[in-house]
Each structure stands twice: as structure tokens, then as C-alpha cells.
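Remarks on the structure that follows.
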Amino acid sequence: MSRTWFITGANRGLGRAFTVAALAAGDTVVATARDPQTMSDLATERLTVLPLDVRDRDQVFATVAKAFDVTGRVDVLVNNAGYGLVGALEELTETQIREQMDTNFYGALWVSQAALPNLRAQASGHIVQISTVGAVGSLPLFSMYNASKWALEGFSASLADELRPFGIKVTLAQLGGFDTDWAKSSMKFAEGIPAYSAVRESILGMRDYPDMSALPPAVEKTATEPASDPAAQDEWVEAAPEVAAAALLDLVDDPNPPLRKIIGPSAHQMVALALDARRQDYITDPEFTWPA
Ligand SMILES: NC(=O)c1ccc[n+]([C@@H]2O[C@H](COP(=O)([O-])OP(=O)(O)OC[C@H]3O[C@@H](n4cnc5c(N)ncnc54)[C@H](OP(=O)(O)O)[C@@H]3O)[C@@H](O)[C@H]2O)c1
């Protein structure tokens, strides 16, 4: 049976790969992008492209309503739009912090909220929140990215229980590294202050944040991939976005999808190490006992 999808941030990276994979599977897609022109190469009658900046709540509600008008139903809703903000907490401006939360957290929240009356009416649907292994562990200089995705996961875990009686499913797709613009042109950086040069060196492999506008693409790429991850003690490995798209198709085929689905290279190990670090921390407390 063919499905209907609603995907945010569908013009590049993972969102584009999800859109292409869903279309290739014979499904119908409402793809949203800040600039719909960037999707003109994918034109087919099973694809509707609508303009959407997920930070704009009114536009979100109007766009979701239009999607249901056009297609009549949404079986899979993918909250994908997002980006990474890099900077030590005291280096970040209020505007940078609010924009990170407006996009990664509120954006997904508004889209979910807008779709719920229709999903309840159709008594079905699968909301997939594109999260990260960074919503299980954390990384210095990524505090606001971590916070935005932990917040996404917090409301979504509660939502999963709220929506179960209505036949609506929720999954947190916890992704590892994928080769998109996330760690390249999409990444936003603070104005560095010298006290954090050593942290930058250990995490990013450089003493200053890169000036993305001044870097050629090859340097830009190596400049923005985390050099180390203390939570995972692992090499940063990236897979093609199509790998994530194939895993997403498997996920939405599952009649009983999990609340949390780990996807990507090294991602399982990163989650295991982050959870173990949390447990090790708790068990220093004699009142904390691990259930048998
Ligand atoms: N790549 C990874 O390794 C990785 C790992 C874990 C999680 N993720 C998550 O995966 C999602 C997709 O990222 P990606 O890797 O595909 O990065 P990407 O190639 O940079 O694509 C990001 C997409 O999000 C869109 N977007 C950003 N802000 C938006 C806004 N305010 N309104 C609407 N769309 C907006 C971008 O649109 P524009 O073209 O208009 O900027 C673009 O389509 C993000 O939520 C990211 O946090 C990625």
C-alpha cells in the first residue's frame, strides 16, 4: 500500500534523501523547503513542494493544513529540518540560542501540533523526529544543539504515550554521522573567546572557529567534523544519506516501530557508551540500585 509523507527541510541532505526514497518506493510526498525552487529537479505528480520555514508557527499551521487538503491524509510525518550550532555557552548570543531552539525544537513541535487533529481524525500516522545520538550523550561546544534535540526527545517521548490510544506512532530516529551539509555549510559558529581554544582544539581540531564564508569546500569539511567525541571515544564516521533513507523506509514498514531507533555508523556504540556513562554516574550513589 502506498503512503503519504510530509517532510520538512526536504531540499538538501537527509530530507532530500528521504523524499527521493519515498518517491522511489511509489509513495506520495509533501516536501517542504524554505526555498521550493531548490526541489524543482524532483518534479513528479506524486510530489508536492510547499514553502516552509519551521520557525514560523503560523506558516507551519497553514502549510500542514494545505498538505492535508492536497493529499487527504499523512501517513508519515518527518520532522527533519535542523542544523548544528557550535560554541561554548558563554560565547553564544541570545539570538543564536533562540534560533537553534526555534528550528530544532519548536519547529518540530509546531509541525507535530498542527498535524495532530488530522492524524487523530484518520486514527493513524507515524511521526518520526529526526534526532541524534547527541540527544543521548553530549559534546562540549554543542550544548545548544544537544539541548534542542534533548528537548525534542522529551516532548516526543511523552507524546508517544499520549497518542498511542489514537493509533498514532512516534519514533525518535537517533542518527549517527551522515555526509550532508550539517557539518559543512549549514553549521553555525559562535564568536570564539580565547579561553576555549584548547576545548576547540580537542573537539574540532582547531584553536579558532572557522570562517565558513572564507573556506574552500574541502577545508570546510575537515574543519567542521568533530575531531573526537569524549562520550564515544570513537572515530567520527559518516555514511551516505541514502543509508539513513533506507533505514527510515524499514522503520515505517514496521507495524510496531520502537520509540527510539538508532541509525548510522558507530551510532549504536555511541548510545551504549553514553548510557553506560550515565549509569556509572548514578551508581556512585549508594541509594541507587539497578533493577535485577
Ligand atoms: N548529518 C548528520 O550527521 C546528522 C546526524 C544527526 C542528526 N542530524 C539531523 O538531521 C536533520 C537534517 O540535517 P542534514 O544532515 O540533512 O543537514 P543539511 O544537509 O544541512 O540539511 C538541513 C535541512 O534543514 C533545513 N532547515 C534548516 N533550518 C530550517 C528552517 N528554519 N526551516 C525549514 N528548514 C530548515 C535546511 O534548509 P535550507 O536549505 O533552507 O537551509 C535543509 O534542508 C537535522 O535535524 C540534523 O540535526 C544530522
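The values are calculated or read from the model by the stated rules, or taken from the named source; none is laboratory data. All values derive from a computational prediction rather than experimental measurement. Every residue, glycine among them, receives a Cβ derived from its backbone with ideal geometry; neighbour counts consider all protein chains shown. We work out accessible area using only protein heavy atoms, side chains counted, and drop any ligands, DNA or RNA first. Shrake-Rupley method; radii C 1.70, N 1.55, O 1.52, S 1.80 Å.
Looking across the stretch 1-26 at every residue that is closer than 16 Å to LEU251 by Cα and of a type in the set (Ser, Thr, Tyr), the one that is nearest to the ligand (Cβ to nearest atom) is identified as THR19. Close Cβ contacts (under 6 Å, 6 or more residues apart or on different chains) running from residues in the stretch 26-54 that are more than 23 Å from SER2 (Cα to Cα) to residues that are in a strand (DSSP E or B) and near the ligand (Cβ under 10 Å from one of its atoms) comprise PRO36/PRO51; LEU52/THR32. Residues in the stretch 50-75 that are more than 12 Å from the ligand (Cβ to nearest atom), under 22 Å from LEU14 (Cα atoms) and surrounded by fewer than 23 Cβ atoms within 10 Å (Cβ to Cβ): ASP75 only.
Can you name the condition, by its number, that LEU251 falls short on among (1) at pLDDT 95 or above; (2) part of a loop (DSSP other than H, G, I, E, B)? If we test LEU251 against (1) at pLDDT 95 or above; (2) part of a loop (DSSP other than H, G, I, E, B), just (2) comes out false.
Quickly run through the stretch 118-143 and pick out the residues that are small (Gly, Ala, Ser), within 15 Å of the ligand (Cβ to nearest atom) and touching a residue at least 24 places away in the same chain (Cβ under 8 Å). Within the stretch 118-143, SER131, ALA135, GLY137, SER138, SER143 qualify.
Of all residues in the stretch 61-78, exactly one satisfies the criterion of being basic (Lys, Arg) and either within 22 Å of ALA173 (Cβ to Cβ) or out of contact with any strand residue (DSSP E or B) (no Cβ under 8 Å at 6 or more places or on another chain) (or both), namely ARG73. Would you confirm whether any residue within the stretch 17-40 is modelled with pLDDT of 95 or more, of a type in the set (A, V, I, L, M, F, W, C) and more than 26 Å from ASN256 (Cα to Cα)? Yes, there is a match, as at least one residue in the stretch 17-40 is modelled with pLDDT of 95 or more, of a type in the set (A, V, I, L, M, F, W, C) and more than 26 Å from ASN256 (Cα to Cα).
Listed conditions (1) open to solvent by less than 60 Å² (accessible area, probe 1.4 Å); (2) on the phi < 0 side of the Ramachandran plot are all met by GLY9, apart from (2).
Of all residues in the stretch 99-115, at least one satisfies being away from the ligand (no atom under 15 Å from the Cβ), touching a residue at least 40 places away in the same chain (Cβ under 8 Å) and open to solvent by less than 20 Å² (accessible area, probe 1.4 Å). When the stretch 148-179 is filtered for residues that are among the polar types (S, T, N, Q) and within 23 Å of ALA246 (Cα to Cα), the ones remaining, listed by number, are SER156, THR171, GLN174. Of all residues assigned to the stretch 144-158, none qualifies as being buried (at least 18 other Cβ atoms within 10 Å of the Cβ), assigned to a loop (DSSP other than H, G, I, E, B), within 13 Å of the ligand (Cβ to nearest atom) and in contact (Cβ under 8 Å) with a residue 60 or more places away in the chain. Scanning the stretch 14-28 for residues that are closer than 27 Å to SER186 by Cα and surrounded by 21 or more Cβ atoms within 10 Å (Cβ to Cβ) yields LEU14, GLY15, ARG16, ALA17, PHE18, THR19, ALA22.
Total residues in the stretch 182-209 satisfying the condition of being within 16 Å of the ligand (Cβ to nearest atom) and either farther than 30 Å from LEU119 by Cβ or not in a loop (DSSP other than H, G, I, E, B) (or both): the figure is 8.
Name the residue that is surrounded by the most Cβ atoms within 10 Å (Cβ to Cβ), counting only residues in the stretch 193-220 that are charged (D, E, K, R) and either at pLDDT below 95 or touching a His at 6+ places or on another chain (Cβ under 7 Å) (or both).
Taking the stretch 193-220 first, the residues charged (D, E, K, R) are 200-201, 207-208, 211, 220.
With the extra rule that they be either at pLDDT below 95 or touching a His at 6+ places or on another chain (Cβ under 7 Å) (or both), the set shrinks to 211, 220.
On the way: ASP211: 10, GLU220: 19.
Per the criteria, the residue is GLU220.
Of the listed requirements (1) on the phi > 0 side of the Ramachandran plot; (2) within 16 Å of the ligand (Cβ to nearest atom), GLY167 misses just one: (2). Of the residues making up the stretch 27-41, not one is near the ligand (Cβ under 10 Å from one of its atoms), of a type in the set (Asp, Glu) and in contact with a Ser or Thr (Cβ under 6 Å, 6 or more places away or on another chain). If I ask for residues that are under 18 Å from the mean Cα position of the chain (by Cα) and among the basic types (Lys, Arg), which ones from the stretch 2-30 would you list? Selection gives ARG12, ARG16.
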